[in-house]
Each structure stands twice: as structure tokens, then as C-alpha cells.
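Contents: one structure, followed by commentary.
The values are calculated or read from the model by the stated rules, or taken from the named source; none is laboratory data. These numbers come from a predicted model, not from an experiment. Here the Cβ positions follow ideal geometry from the backbone for every residue, glycine too, while neighbour counts run over all protein chains shown. Areas reflect the complete protein model, heavy atoms only, side chains present, ligands, DNA and RNA absent. Shrake-Rupley method; radii C 1.70, N 1.55, O 1.52, S 1.80 Å.
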Amino acid sequence: QVQLVESGGGLVQAGGSLRLSCAASGSGFSIGTMGWHRQAPGKQRELVAAITSGGSANYVDSVKGRFTISRDNAKNTVYLEMNSLKVEDTAVYYCNAKSGGGFLNYWGQGTQVTVSS
């Protein structure tokens, strides 16, 4: 019913910036909280940032002050602005969205972010 399409990943040098985008599409749906998770090889997937439909955001400690999550409710799109990137940020980043009034979770296909030293 809902498809999440991500874009913006790529290769960047340490200290650089990237902006990830994720747009939800479909019919007859509503979206509540949206967020970004990441998974590095050999490690568990972790929550990076999340934002409610009202704009309240939270971040994992390791990215506070460097990453900013935002959303455009009219477009059902969430963004992740990543600044001062570190090699440790290298991972596959996944978009996540919760249904507006239910118990469903949707996931994007993932986009690779690689930070070189």
C-alpha cells in the first residue's frame, strides 16, 4: 500500500555533506512518525533520527549537532541533512515510516552512504 523511495546516497570525503530524501507514495494512506536507520557491515541496524508529524525530532548521540532531520508533510517526504561526515557514518541508510493511525511500519530499500578518509 505504501512505498518509500530513497535518494541522495553516495561517496563523500570526511568532513563533507550529503542530503538524503525519502518520499512515501501510494493511495489511501496516512503517515505518522518518519525516520532514518542505518546499518554498517557486521553491525546491528540503529535508529539515527526520527521526526513526528508535528516536527519533534530526536537523534542518536553520535550524530547530534551534525545531522538534521526534517519533513514536508504535504509531500510525505522526510530528509536527512548530514554535515561533518565521519568515516564511522558509513552504512546503508534506510527510511522508515509509521502509519498515521495504526500499527504498520514501512521501509525503504536503503541507500549507501560511504565516507572516505
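Filter the range 39-87 for residues that are assigned to a helix (DSSP H, G or I), open to solvent by 50 Å² or more (accessible area, probe 1.4 Å), farther than 25 Å from Ser25 by Cα and touching a strand residue (DSSP E or B) at 6+ places or on another chain (Cβ under 8 Å) and give the result.
First, the residues of the range 39-87 that are assigned to a helix (DSSP H, G or I): 61-63, 73-75, 87.
Narrowing the set further to residues that are open to solvent by 50 Å² or more (accessible area, probe 1.4 Å) leaves 61-62, 73-75, 87.
Restricting the remaining residues to those that are farther than 25 Å from Ser25 by Cα gives 61-62, 87.
Hit for the range 39-87 is Val87, nothing else.
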By residue number, the members of the range 88-108 that are under 17 Å from Gly8 (Cα atoms) and not small (Gly, Ala, Ser) are Asp89, Thr90, Val92, Tyr93, Tyr94, Cys95, Asn96, Trp107
The number of residues in the range 6-38 that are within 11 Å of the chain's Cα centre (by Cα) and either outside any loop (DSSP other than H, G, I, E, B) or under 14 Å from Arg71 (Cα atoms) (or both) is 12
Residues in the range 88-107 that are modelled with pLDDT under 95 and not in a strand (DSSP E or B) total 5
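How many residues does the range 24-35 hold that are open to solvent by 40 Å² or more (accessible area, probe 1.4 Å) and more than 17 Å from Asn58 (Cα to Cα)?
Within the range 24-35, the first condition is being open to solvent by 40 Å² or more (accessible area, probe 1.4 Å), and the residues that meet it are 25-30, 33.
Applying the additional criterion that residues be more than 17 Å from Asn58 (Cα to Cα) yields 25-30.
Total satisfying the criteria: 6.
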